[in-house]
Structures are given as structure tokens and as C-alpha cells.
């Protein structure tokens with residue numbers, strides 16, 4: 001009994017010490033920054049902005065890219081693209097830039113009620129197309145390399161079908177394509193949702209917090225594990241900074257234009273029109289019109305976009321030059337994991353280098 005009391009007392013003192021050290025660590029932490037690779041705004045249409053990343057030497061001079069054909073990145077409308085550029089040792093964008101890529105990214109911003117009527121047609125055939133036209137005109141080229149992420153990958157697939165003459169090569173990352181699969185809980189939930197009631201109930205603008213609540217519900221124990229993790233790293237400045245950077249990204253949640261949300265959920269999640277060849281975004285989307293080189297990247301442990309929803313793309317397109325890349329990790333690990341820096345990003349660059357024409 002005395003030993004048990006002694007051990008309990010020791011653990012209590014250890015916890016107090018950790019809390020005291022943690023308080024000091026937290027008070028001394030610098031401001032948390034994400035999106036660390038230098039970039040400049042080069043174009044804007046309405047609230048959508050186009051940025052170009054810069055590769056600077058130690059004197060602040062721009063290092064010319066090695067690839068002739070620039071990459072245009074379309075991220076998902078959910079959360080922000082900073083996940084691809086989280087910190088110096090976890091940045092897919094920074095790594096690609098350092099290897100010699102020329103990268104532009106489309107920033108869809110933070111929709112307000114003024115944008116609640118924006119449609120998928122607006123995002124794809126107006127905003128994406130205008131940004132890509134700007135890049136083509138600036139570089140005096142006809143085509144760009146298009147890299148789409150998650151929902152942004154679905155948008156990029158649709159764009160490549162409707163405007164194949166403007167896409168040199170298409171890369172999709174953790175992208176949902178076949179929404180009929182039952183592997184993902186989100187896919188099953190979405191089929192029974194009253195999308196019209198949600199859009200109307202939210203006044204045409206879907207709050208970012210509403211979407212985040214749904215994602216958190218997919219893994220209800222995640223918050224408990226997160227709290228345990230905080231206690232374990234509370235007195236470690238480096239680990240706390242890493243944690244806070246991720247939290248800053250997670251909590252940066254733009255609202256969604258109701259009409260885009262409505263069509264994406266109803267036409268894709270509920271009716272699987274993209275795979276069926278029935279999707280209309282300005283005009284009918286035919287995946288066989290995608291004939292440019294394709295690199296389709298999926299995460300083996302992805303709980304948001306299960307591999308079964310991504311893999312079918314390679315059999316649906318008209319491309320002969322196509323590759324399916326299996327990443328041994330989860331949805332976020334594709335951007336922030338060690339394998340992403342050491343293996344995936346160099347593979348993407350090498351793949352594009354061979355098609356740089």
C-alpha cells in the first residue's frame with residue numbers, strides 16, 4: 001500500500017513538473033506560421049487569386065526553374081492549401097520548388113453570402129480556366145501541368161475533360177472519382193443526407209465548422225488522442241510548434257458556396273454522375289477525352305477518400321500514358337509525411353521531367 005501511495009505521489013509530482021515546464025514553453029513560443037515558401041500574387045478574378053511560388057537563393061535572388069512547363073495546383077475548397085506547405089521540413093510545394101518546378105496555386109479564398117450562388121461551372125470553367133489562361137499567356141505556351149488535390153483533383157479531372165488542349169499532364173492526389181464505394185464512411189453518410197435542406201437551412205452558405213464537425217465524427221476518438229498527445233509533448237517546444245501548425249491549418253475553414261456544395265454532393269456523392277458519364281458542368285463531362293499523361297496518387301490508409309474511390313480513374317480515362325502511385329500512409333501524410341518528402345515529391349518531379357515538352 002505504501003508503494004502504491006509513493007508511486008501515485010511521484011506521478012502527480014511528475015505531472016506538475018511537466019505542466020510547469022509546459023507553461024514556460026508555451027509562454028516562450030514564437031508566432032506559429034504556415035505557408036512558408038515565398039510567393040507573389042500575379043492574377044485575380046473576383047475573389048479568386050493566383051499565386052506564383054519563388055525559389056530564392058541566400059541573397060534573395062530568384063533561381064530559374066528547371067521544368068519548362070509550369071504546374072498549376074487546384075486545392076480543395078475545404079480547408080486551405082497551406083497543408084502542402086506547412087513548415088520547412090514538411091512542404092511538398094517547397095520540395096518541388098527546390099527540385100526545379102515552377103508552381104502556381106489557385107487560392108479560392110473565403111466565400112461569403114455574396115458568393116453563395118457560385119457553381120462548379122464558375123469554379124472550373126471561369127476561375128480555373130482564367131488562371132490557366134493567364135499562365136499560358138505569361139509563359140507563351142499552350143498547356144500547363146495540372147495538379148489537383150482531393151476535391152480539387154475532381155475539379156481538375158473535370159477541367160481536363162472539358163479543356164484537354166490546355167493540359168500537358170494531369171496529376172491527381174487523394175482524389176475521389178467513383179463515389180459508389182462503401183469503404184468510406186463519409187461516402188455512405190452522404191447518400192442519405194438531405195442536401196437541399198442543408199443548403200437552405202444554412203442560408204446558401206455552408207459554414208466551415210459544419211464540415212469540420214462531419215470530419216471529426218468520422219473518427220470520434222481523435223479528440224481524446226489529441227488531448228493525450230498534448231500532455232505528452234507539452235514541455236517540448238519543437239513538437240508543440242509542429243502540433244500548433246497543424247491545428248492552425250485545421251481551424252482555418254472557409255465556408256462553402258451553397259450551389260457548389262449542392263451539386264458536388266448530389267451529382268457526385270449521391271448519383272455518381274462523373275463515372276456514369278452523366279455529369280454536366282457547362283457541358284457533359286466525358287472522361288475518355290482525358291488523353292494527356294496521368295499520374296493518379298492514392299493513400300493506402302486514407303479514411304476520407306478510400307483507395308477504391310480513386311483507383312478506378314485509370315480505367316476510365318482515354319490516356320495511354322498513365323501511372324497509379326500507392327502512397328503508404330493517410331490522407332494528410334501525402335503532404336506532411338517523411339515519405340512524401342523523400343519519395344513521393346521526387347517521383348512527381350521525375351515523372352513531370354520526362355513529360356516536359
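Structure summary
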{"quantity": "Rg to Rh quotient for the stretch 267-357, alpha carbon positions, Kirkwood Rh", "calculated": "1.01"}
{"quantity": "Least to most buried among 138, 291 (fewest other Cβ within 10 Å first)", "calculated": "138, 291"}
{"quantity": "Spread of Cα-to-Cα distances over 10 Å intervals beginning at zero, given as percent, for the stretch 50-100", "calculated": "22, 52, 24, 3"}
{"quantity": "The stretch 39-353, Cα convex hull volume normalised per residue, Å³", "calculated": "133"}
{"quantity": "Relative contact order computed over the stretch 39-353 (Cα-Cα under 8 Å; 6+ residues apart), in percent", "calculated": "23"}
{"quantity": "Debye equation applied to the C-alpha atoms of the stretch 316-357, log10 I(q)/I(0) at 0.17, 0.34 Å⁻¹", "calculated": "-0.57, -1.14"}
{"quantity": "Part-to-part distance (alpha-carbon centres) for the stretch 278-357 and the stretch 127-201, which is given in Å", "calculated": "12"}
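Rule-based calculations on the coordinates, nothing more; no lab input. Here the structure is a predicted model, which is why all the values come from computation and not from measurement. Glycine also receives a Cβ, built like all others from the backbone with ideal geometry; neighbour counts cover every protein chain displayed.
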